[in-house]
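The values are calculated or read from the model by the stated rules, or taken from the named source; none is laboratory data. What you see is a predicted model; the values in this text were computed from it and never measured. Cβ coordinates were reconstructed from backbone atoms using ideal geometry, including for glycine residues, and neighbour counts include every protein chain displayed. Side chains included, ligands, DNA and RNA excluded: accessible areas come from the protein's heavy atoms. Shrake-Rupley method; radii C 1.70, N 1.55, O 1.52, S 1.80 Å.
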Amino acid sequence: MNKSSFASAFLLVLLFPRSPAAIPQQRTVAGYEMTTYYVVLLYRGPNWTPQATPETERLQEAHLANIRKMAAEGKLIVAGPFTDDGKLRGMFVFTVGSLEEAKALAEADPAVKAGRLEPEGHPWFAAKGIRVDQAPKSSQ
């Protein structure tokens with residue numbers, strides 16, 4: 001292993017410890033203020049179907065309303081679908097106190113409760129302050 005490869009591997013070990021419990025809530029790395037977010041990946045659930053029905057449309061509206069609610073509460077900072085039509089359908093990125101809280105929020109989502117989506121949560125150590133601002137409201 002050359003010095004460059006060793007340095008890269010060492011930096012990865014410092015940035016990404018093996019145990020989620022070992023990940024600090026906040027610290028500065030390479031000049032960036034870092035924090036722990038919680039990512040929930042949403043997979044096709046046992047009741048997922050590609051067909052649009054009044055029930056699936058109702059569930060999708062309830063799912064979107066829940067996303068807006070969690071964002072308004074300051075718990076959800078990013079959400080969206082994957083567009084490749086695979087088993088992985090979308091994701092949430094939460095800024096909450098624990099992985100358990102993030103999982104509970106995801107499990108309360110109407111699409112998850114209905115079995116259309118199945119959540120899988122992970123801690124994610126990234127730059128502090130990431131967010132998506134809502135588009136300005138049209139004055140029309």
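Here are a few things to note about the model shown:
- Among residues of region 77-91, those that are open to solvent by less than 90 Å² (accessible area, probe 1.4 Å) and more than 18 Å from Glu118 (Cβ to Cβ), counted: 2
- Hits in region 54-78 - residues which are of a type in the set (Asp, Glu) and more than 20 Å from Val93 (Cβ to Cβ): Glu55, Glu57, Glu61
- Residue in region 46-62 that is at pLDDT 95 or above and within 14 Å of the chain's Cα centre (by Cα) present: no
- Phe94, sole failed condition from (1) in contact with a strand residue (DSSP E or B) (Cβ under 7 Å, 6 or more places away or on another chain); (2) more than 23 Å from Gly129 (Cα to Cα); (3) buried (at least 17 other Cβ atoms within 10 Å of the Cβ): (2)
- Scanning region 33-84 for residues being touching a residue at least 24 places away in the same chain (Cβ under 8 Å) and assigned to a strand (DSSP E or B) gives a total of 15.
- Qualifying residue in region 52-66 (condition: under 27 Å from Ala30 (Cβ atoms) and open to solvent by less than 90 Å² (accessible area, probe 1.4 Å)): no
- Inside region 97-136, residues that are open to solvent by 50 Å² or more (accessible area, probe 1.4 Å) and not in a loop (DSSP other than H, G, I, E, B) make up a count of 10.
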